[in-house]
Amino acid sequence: METVAAAFGLVFEPYTLFVILLAAIFGLFVGAVPGLTATMATALLVPVTFFMPPVPAIAALVTATAMAIFSGDIPGALMRIPGTPASAAYTDESYMMTKNGEAETVLGADLVFSVIGGIFGTIVLVFAAPTLAEIALKFSSFEYFWLVLLGLTCAVIITIGDTLKGIVSLLAGLLISAIGLDNPAGFPRFTFGSIELLGSVGLIPMMIGMFAVSEILRYAVSVGDGAEVFRKQIGNVFRGMWGLCVKYPWSILRGSVLGTAIGALPGAGADIAAWMSYAVSKRMSKTPEKFGTGHVEGIVEAGAANNSALAGAWIPALVFGIPGDSITAIVIGVLYIKGMNPGPTLFINSPANVYAVFLVFFLANLLLVPLGWAAIKAARRILEVPRNLLMPIILLFCIVGSFAINNTVFAVIVILVFGVAAYFMEENGYPVAPAILGVILGSMLEENFVTSMIKSDGRFLGFFERPIAAGLGIITILVWLLPLAQWLLARRRAARA
Amino acid sequence: MRINDAVVGVFLIALAIAILVHIQAYPLIPGQKYGPAIFPGLIAVGFIATGSLLVIRGVKAGFPLFQLSPWLRAPGLVTNFLLVCAALAFYIVAAGALGFIPTGVLILVALFLKFGVGARRALVTAVVATLVIHLLFYKLLRVPLPWGVLERFAW
């Protein structure tokens with residue numbers, strides 16, 4: 001109880017509340033402007049949070065992302081352009097509803113079910129994380145090795161598209177993680193005499209490059225999109241929302257559960273949660289033929305899913321230091337900087353900070369109601385901010401932000417290299433998320449592998465001698481065999497036909 | 001630009017060979033089997049496996065080695081892309097000597113004009129935005145942004 005009181009004290013402090021409010025406005029703006037994503041909002045915020053105490057720093061990130069994932073729905077409904085990738089799944093449906101004269105309903109549903117999904121995910125986080133942390137206290141290097149490997153495997157398998165390219169992306173990330181001194185032997189690898197590379201590439205500049213600079217490049221080569229903003233005064237968005245809650249209780253629950261689960265799986269976040277939920281909603285619907293004609297059911301489900309995924313992603317991030325999505329990948333970097341090293345001991349050493357994070361999640365989702373409403377009202381003005389002014393300013397911000405982490409120009413080189421690399425990776429269908437996960441988890445994978453090998457005296461069977469390790473190991477291997485089995489099955493079927 | 005899978009595959013295999021050659025020089029830790037070479041070595045093996053699969057796939061698909069994306073045929077967009085990269089490169093090279101404020105203003109003006117902002121608006125926004133960012137990071141967050149030629153006016 002004391003820790004909860006302490007957590008309240010940390011959050012309900014004028015400075016923290018002020019930071020939350022500013023972060024909320026920033027998040028709503030970034031989310032609503034097409035081409036700026038929630039991950040980019042996080043990456044841009046890091047240099048600023050660098051100078052704050054832990055709780056306000058984390059609060060800023062949590063709030064900004066929750067707001068951005070909702071406000072990404074606004075240009076989807078009004079311009080048929082998703083504000084963030086997490087809204088892409090139901091952008092067409094939303095725009096159809098707006099064209100059918102139901103702009104209030106679709107924006108209201110976006111807002112209300114974002115809040116419900118967000119709160120659902122938070123409740124799961126609050127209950128699941130401490131429980132898992134208690135189990136994780138007993139983990140040794142064997143369990144961690146399998147857990148990391150399972151996480152990396154999931155990241156490759158869940159990404160939309162090509163598994164082979166996902167593996168290549170993951171390997172590239174692992175290779176980058178091998179750069180520098182940070183390995184069990186403390187031997188400088190791939191540094192080629194550079195002093196800067198001794199400390200590896202630097203996660204935050206890399207992320208700024210991959211998620212912000214690459215977006216600016218994408219803007220630079222896109223032909224000026226003349227998408228028209230839907231011009232109409234938006235009325236009361238909350239009308240009829242209770243009716244939707246009563247009509248689609250299962251959709252709301254299914255979306256929230258699936259979203260939280262996808263969020264918790266490493267490598268997949270809000271965008272994949274929304275795509276999957278929308279597809280599930282259509283399959284389970286009594287009226288699947290209405291999907292695509294401006295039907296609210298899928299928006300209710302997927303809108304809840306993408307916001308619940310945000311909280312879900314924090315479960316493995318806090319408990320194991322394994323990010324659930326690209327946003328928590330950045331958050332983990334911040335946690336280390338702030339001395340809140342993720343892992344089960346975090347729940348013992350600084351429980352007040354952990355509870356403060358939970359509280360911020362609730363607060364951010366509740367704040368979403370009035371602030372989201374205000375953002376809808378101000379939508380037209382936000383959407384008309386000229387992007388040819390915005391993008392160069394963001395580039396300058398990226399430069400200063402990456403420089404601020406270590407005060408070296410080397411960071412600016414990093415954002416240039418990784419910005420261009422991420423741009424070409426995406427253009428050739430190589431997903432970026434597995435690479436990020438590889439970079440973050442690479443040293444953890446190597447360390448636990450080497451430690452385990454030394455402990456078991458080089459016998460690979462040692463990896464299966466503890467019950468939980470054996471279970472995780474078997475699951476990992478089964479997940480590997482899954483695509484192979486599918487492939488064999490497809491071949492058999494093809495041979496028979 | 002879309003690159004044929006086979007080209008990427010060959011590149012990955014070459015990279016893997018380079019890694020394997022490079023790690024031969026890594027030391028062994030006395031009394032231990034697993035030194036700093038094992039992890040990069042495993043990654044290299046992974047690159048050879050995935051690279052080979054990509055080569056097979058690319059050869060089967062058989063379309064040209066490089067395929068230009070639409071934007072690469074529009075000169076205006078290619079220069080847009082290059083200018084963003086050049087802006088970053090310019091900062092890397094010039095910021096130390098020139099200082100943050102002049103470099104920032106130059107980068108912003110160049111990009112604004114290229115993206116079609118009017119000249120007066122570009123200049124005013126560039127100066128204001130650079131000064132605001134400088135104020136935020138230099139004064140409030142105490143990031144030692146270089147003064148360069150404006151050293152005498154440092155505040």
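Any read-out appearing in this document is the output of simple, stated calculations on the displayed coordinates, not a laboratory observation. Remember, predicted model here, so these are calculated numbers, not experimental data. Here Cβ is always computed from backbone atoms with ideal geometry, including for glycine, and neighbour counts include all displayed protein chains.
Determine the distance separating the Cα centre of region A:373-445 from the Cα centre of region A:322-364; give it in Å without decimals. Value for the Cα centre distance between the two parts: 22 Å.
Give, rounded to the nearest 20 debye, the magnitude of the charge dipole that the protein assembly as shown has about its Cα centre when Lys and Arg contribute +1 at Cβ and Asp and Glu contribute -1 at Cβ. All intermediate terms of the calculation are to be shown ahead of the outcome.
On the way: 38 positive and 30 negative charges, 219 e Å.
Its charge dipole is roughly 1060 debye.
Model label points for A:A6 and B:V59, set 7 angstrom from Cα along the Cα-to-Cβ axis, are 6.4 nm apart. The relative contact order of chain A comes to 27 percent, based on Cα pairs under 8 Å that sit 6 or more residues apart. Placing +1 on each Lys and Arg Cβ and -1 on each Asp and Glu Cβ, with no other charges, gives region A:73-219 a dipole about its Cα centre of roughly 400 debye.
Give a quick list of trypsin sites (Lys or Arg not before Pro) in region A:101-209 that DSSP marks as loop, anything other than H, G, I, E or B, with at most 12 other Cβ atoms within 10 Å. Intermediate results must be reported in sequence, preceding the final value.
Numbers: sites: A:K138, A:K165, A:R189; in loops: A:K138.
Listed in order of number, the matching sites are A:K138.
Considering only A:G438, A:G462, A:M241, the residue lying farthest towards the positive end of the dipole of the protein assembly as shown is A:M241, judged by Cα position with unit charges set on Cβ. Each of A:V360, A:I74, A:A23 was placed along the dipole of chain A (beta-carbon charges, centred on the mean Cα), and the one lying farthest toward the positive end is A:I74.
Less than 18 Å from a label point 7 Å out along the Cα-to-Cβ axis of B:I3: which backbone N atoms in region A:166-194 qualify, by residue? From region A:166-194, the list is A:166-176.
Quick one, what does Rg over Rh come out to for chain B if you take C-alpha atoms and the Kirkwood Rh?
Details: Rg = 24.2 Å, Rh = 20.3 Å.
Here the Rg-to-Rh quotient is 1.19.
Put simply, when A:482-493, A:62-73, A:458-469, B:128-139 are sorted by average Cβ atoms within 10 angstrom per residue, most first, you get A:62-73, B:128-139, A:458-469, A:482-493. Candidates B:I19, B:P75, B:A6 compared by Cα position along the dipole of chain B: farthest toward the positive end lies B:P75, with charges placed on Cβ. For region B:2-67, the Kirkwood radius over C-alpha pairs fed into Stokes-Einstein at 10 °C and 1.306 mPa s yields D = 122 µm² per second.
How big is the dipole moment of region A:387-497 about its Cα centre under a simple scheme where the beta carbon of each Lys and Arg is +1, that of each Asp and Glu is -1, and everything else is neutral? Debye, nearest 20, please. Please report the intermediate quantities before stating the final value.
Details: 8 positive and 6 negative charges, 131 e Å.
Once rounded to the nearest 20, the dipole reads 620 debye.
How far, in nm, would the chain grow between B:V10 and B:S69 when pulled straight, counting 0.36 nm per residue and subtracting the alpha carbon separation? All intermediate terms of the calculation are to be shown ahead of the outcome.
Numbers: separation 59, 0.36 × 59 = 21.24 nm, distance 2.17 nm.
So the chain would gain 19.1 nm between B:V10 and B:S69.
In summary, the aspartates and glutamates within cross-link reach of A:K165, defined as a Cα separation below 13 angstrom excluding same-chain residues under 8 places away, comprise A:E426, A:E427, B:D5.
Per-residue mean of foreign Cβ neighbours for B:35-48 is 6 (Cβ atoms of other chains, 10 Å radius).
Counts of other chain beta carbons within 10 angstrom of each beta carbon in peptide A:169-175 average 5. Within the shell defined by Cβ-Cβ distances under 14 Å, the residues around B:P40 carry a net charge of -1, with Lys and Arg each +1 and Asp and Glu each -1. Cβ-Cβ distance of A:L478 and A:K138, R₀ of 22 Å, FRET efficiency by 1/(1 + (r/R0)^6): the value works out to about 0.45.
What's the ranking of A:234-246, A:370-382 by average number of surrounding C-beta atoms within 10 Å, highest first?
A:370-382, A:234-246
Within the same chain, lysines fewer than 8 places from A:K282 are excluded, and of the rest, those with a Cα less than 27 Å from its Cα are A:K99, A:K247, A:K290. Stretching A:N349 away from A:Q486 to a fully extended chain increases their span by 44.8 nm, per 0.36 nm per residue minus the current alpha-carbon distance. Normalised by residue count, region A:182-335 yields a Cα convex hull volume of 195 Å³ per residue. Between 0 and 90 degrees, the angle of helix B:38-61 with respect to the longest Cα principal axis of chain B falls at about 90 degrees. For B:K114, the aspartates and glutamates whose Cα comes closer than 18 Å to its Cα, not counting residues fewer than 8 places off in the same chain, are A:E215, A:D225. Cα-based radius of gyration for the protein assembly as shown, normalised by 2.2 N^0.38 Å, reads 0.96.
Using the Cβ of A:A88 as centre and a radius below 13 Å, the other residues enclosed give a net charge of -3, where K and R count +1 and D and E count -1.
Each of B:V21 and A:N407 was given a label point 7 Å from its Cα along the Cα-to-Cβ line. The distance between the two points is 4.1 nm.
Can you tell me how much longer the chain between A:E13 and A:Q233 gets when fully stretched, taken as 0.36 nm per residue apart minus their C-alpha distance, in nm with one decimal?
Numbers: separation 220, 0.36 × 220 = 79.20 nm, distance 3.70 nm.
Length gained between A:E13 and A:Q233: 75.5 nm.
When shorter helices are ignored and each DSSP H run of at least 4 residues is given -39500 (n - 2.57), the per-residue value for the protein assembly as shown at 222 nm works out to -23000 deg cm²/dmol.
Legend: calculated FRET efficiency, B:C85 to B:V128, from the Cβ-Cβ distance at R0 = 35 Å, rounded to 0.05, equals 0.90.
Sorted by average packing, counted as other Cβ atoms within 10 angstrom per residue and highest first, what order do A:391-402, B:17-28 take?
In decreasing order of mean packing, A:391-402, B:17-28 become A:391-402, B:17-28.
Report the calculated FRET efficiency for A:T131 and B:R121 (r = Cβ-Cβ distance, R0 = 60 Å), to the nearest 0.05. Walk me through the intermediate numbers first.
Numbers: r = 56 Å, r/R0 = 0.94.
Result of the calculation: an efficiency of 0.60.
Build a GNM of chain B with springs between Cα atoms under 10 Å apart, and of B:L42, B:L111, B:L54 the one that fluctuates most is B:L42. Within 10 Å of the Cβ of each residue in B:81-89, the mean number of Cβ atoms contributed by other protein chains is 6.
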